[in-house]
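Asks: One structure, pasted below without further comment.
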Amino acid sequence: MSAAEKRSTPVSTAARPASASGGPAAAGAAIGGEKPKDARDAARRIWQALGRSRWVIVTMVLLSVGSVAASTLGPWQLGKATDLLVSEDFPRGALIRQLTVVAVIYLLASAFNLAQAWLINDLVQELGRDLRHRAQAKLSRVPLSWFDAQPRGEVLSRFTNDIDNVIQNLQQVASQVILMVLTIVGVLGIMLVLSPVLAIVALVALGISLLLSRLLTRAARPQFVAQWRETGNLNSTVEESFTGQTLIRVFGAHSRIEEQFAIENGALTKASMSAQMLASLIQPVTMVVTNFAYVAVVVVGAFRVLSGGLTLGELQAFIQYIRQIGQPISQLGSMAAQVQSALASAERVFELLDAPEMGADGDARGRLPAVVKGHVCFDHVGFRYVPDQPLFEDVSLEALPGQTLAIVGPTGAGKTTLVNLLMRFYEIDRGEIRLDGIDISQLGRAELRGAMAMVLQDTWLFTGTIHDNIAYGRPQSTREEVLAAARRCHVDDFVRTLPEGYDTVLENAGASLSQGQRQLMTIARAFLLDKPILILDEATSSVDTRTEMLIQQAMADLRQGRTSFVIAHRLSTIRDADLIVYMEAGNVRETGTHDELMALKGGYWTLQQGGAAYGPLPE
């Protein structure tokens, strides 16, 4: 069989085109695709996260007990001062001592509250830091197919809006709920001591308030879930509008974007109004119940004073206790709504943290040699993104050390998927991919990718200096090493014209540079890495003739002495490749040199003649 022999593997009609990142969106599971976990599960996991600082929680509870004890004793002691004040002999010294006791009690309550608030703030902010850290770490463990399925704005909303909502509501609730529960229990206890009859009135009011609050919060919960889901959808729409602004203007699609935004914005507004309306009813409803209880206590208490069953000071203390217990009852209802909002966001955060992760990372039975030659072999490889829909059925090819292997074919042929499999962004279903004779599934992903450099057509630059962007793969590189790589890739020419040179800070993905300049910088980044295997995904965007020549020259220099896989979008750039692989519908149809494939007059020849998707090669 000659190197150029046309392969006869049947075309799979179920083959799926790879996305820009290497896989179809359908291959990954969307975050919200499954039914969300219930609120109890979210609450349990938050408690487990908080439980790592148990000593802080214990200290908070002790401070709350001290604060409630002081606050609860205050009205009682103030009632005693009132009795001294209205007594016939008016004992001035005893009254002053009693008022001093009252002042000390309230000062202690304030000190306990302040200490508790400080501890809660520290605890909750640590929880927020931990959730953000876990979410960021999660992104490095999920497969690329997961990214293909997620709207970026939705993921960002979970990172920012949902975590912030959990933290803000938790901080507000945690700082008060312990105090309020203990206050209600403590005040009811003292009420029972002062007057069991009046205490029963307060207990009935408490029961009615809690029942109404529970009914309203149950009704509000689905609306809070919808509110944060629609927030994520709106963020996705805004993110797409922002990143695609150029195309929107070119195609005059403003009206369609505004219409889509109006739909998402309306859905968010509707969900938010429903949630907030139900939540806002809780406090007024509980206040009405508390006010009825207050009136009942005053009327019944007045009769008790007239009959001698209570002193005036005890009634005054009881009335103050009714006011004191009314506030936490009302606020507990409002906090229940805040808790539902926090749990709705927590469910979305935990859905992100529970996203499926990549398979086990190599069992380390294989180790790459100290010097990697770059001999790559695909041996009867089969792969599918979706079950029962194979993309690769039986792919075999070989790249010898130092060879340039160009991959061509129509859109959806599987070109990008092929190199993604080599880098283990996806795991193959059958067959083997070997590097220097070692099955790459036996290698750790970091070790495998450490032997490769990659230049994508999407030039990713981050906010930072030009030096740091070039040295991204080798942050320990010296300025001299960065300059050497920049000169070889013709980056130095335009950087020298900038006022700050290599210390120029790039922002907004290097928008201040031209597309060609950004492409040259990514090539310089690969030069600096100096890896034995190179993967080049040629840019399809148009640049001026001189810049294109510089890019092609830099890529040619970069390929020297390295095993190179070139995903070709311009056939004019791969004529001298050692091996050209023509792919179609996930199968390798033809392999050989340019002259061999042209003589074969198959799919490669057809591409050359058509030149629709590729730049024609001048003969």
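Asks: Once amide H atoms are placed 1.01 Å from N in the peptide plane, what residues at a sequence separation of 5 or more from residue 431, or on another chain, have their amide H within under 5 Å of its amide H?
Replies: 382
Asks: Another one. Cα atoms only: what Rg and Dmax, in Å, come out for segment 255-299?
Replies: Calculated on Cα positions, Rg and Dmax stand at 19.8, 65 Å.
Asks: Based on the Cβ-Cβ distance of residue 572 and residue 47, what FRET efficiency does E = 1/(1 + (r/R0)^6) give at R0 = 56 Å, to the nearest 0.05?
Replies: Rounded to the nearest 0.05, the efficiency is 0.35.
Asks: How do 418-425, 124-131 rank on mean C-beta neighbours within 10 Å, highest first?
Replies: Result, highest mean Cβ count within 10 Å first: 418-425, 124-131.
Asks: When log10 I(q)/I(0) by the Debye sum over Cα atoms at q = 0.07, 0.08 Å⁻¹ is calculated directly from the model, which label among (i) -0.64, -0.75; (ii) -0.58, -0.73; (iii) -0.41, -0.54 fits?
Replies: (i)
Asks: Okay, next question. Counting DSSP beta bridges in the chain, what percent are antiparallel, to the nearest 5?
Replies: So the antiparallel bridges in the chain amount to around 55 percent.
Asks: In terms of modelled amide H atoms, which long-range or inter-chain residues lie less than 5 Å from the amide H of residue 406?
Replies: Here 566, 579, 580, 581 satisfy the definition.
Asks: Order the peptides 494-503, 212-221, 508-517, 312-321 from the highest to the lowest mean number of other Cβ atoms within 10 Å of their residues.
Replies: 312-321, 212-221, 508-517, 494-503
Asks: While we're on this one: Quick check: from the Cα gyration tensor, does segment 376-611 come out rounded (a/c under 1.5), prolate or oblate?
Replies: Verdict is prolate for segment 376-611.
Asks: Can you run phi through the Karplus equation (6.51, -1.76, 1.60; θ = phi - 60°) for segment 217-226 and list ³J(HN,Hα) in whole Hz, with x for Gly and Pro?
Replies: 5, 4, 5, 7, 4, x, 6, 5, 4, 5
Asks: Turning to a different aspect of this structure: If you plug each phi of segment 306-318 into the Karplus form 6.51 cos²θ - 1.76 cosθ + 1.60 with θ = phi - 60°, what whole-Hz ³J(HN,Hα) values come out, in order, with x for Gly and Pro?
Replies: For segment 306-318, the Karplus curve yields 5, 8, x, x, 9, 8, 5, x, 5, 5, 4, 5, 5 Hz.
Asks: Further question: Return the sequence-ordered ³J(HN,Hα) values of segment 96-107 in whole Hz as given by the Karplus equation 6.51 cos²θ - 1.76 cosθ + 1.60 applied to θ = phi - 60°, using x for Gly and Pro.
Replies: Karplus-based 3J(HN,Hα) across segment 96-107 equals 5, 4, 5, 5, 5, 4, 4, 4, 4, 4, 5, 5 Hz.
Asks: Another question, then. Given the rule -39500 (n - 2.57) for each run of at least 4 DSSP H residues, summed and divided by the residues of the chain, what is its mean residue ellipticity at 222 nm, to the nearest 500 deg cm²/dmol?
Replies: For the chain, the value works out to -20000 deg cm²/dmol.
Asks: Enumerate the amide H contacts of residue 454 below 5 Å, restricted to partners 5 or more residues apart or on another chain; note that Pro and chain-start residues carry no placed amide H.
Replies: 535
Asks: Here's a follow-up. Arrange the peptides 589-595, 565-571, 335-341 so that the one whose residues have, on average, the most other Cβ atoms within 10 Å appears first.
Replies: Listed from highest to lowest mean packing, they are 335-341, 565-571, 589-595.
Asks: If the limit is 29 Å between Cα atoms, which of 415/601; 415/531; 138/373; 373/601 go over it?
Replies: Correct reply: 138/373; 373/601.
Read the figures in this text as sums done on the coordinates, not as results from a lab. None of these values were measured; they are calculated from a predicted model. Here Cβ is always computed from backbone atoms with ideal geometry, including for glycine, and neighbour counts include all displayed protein chains.
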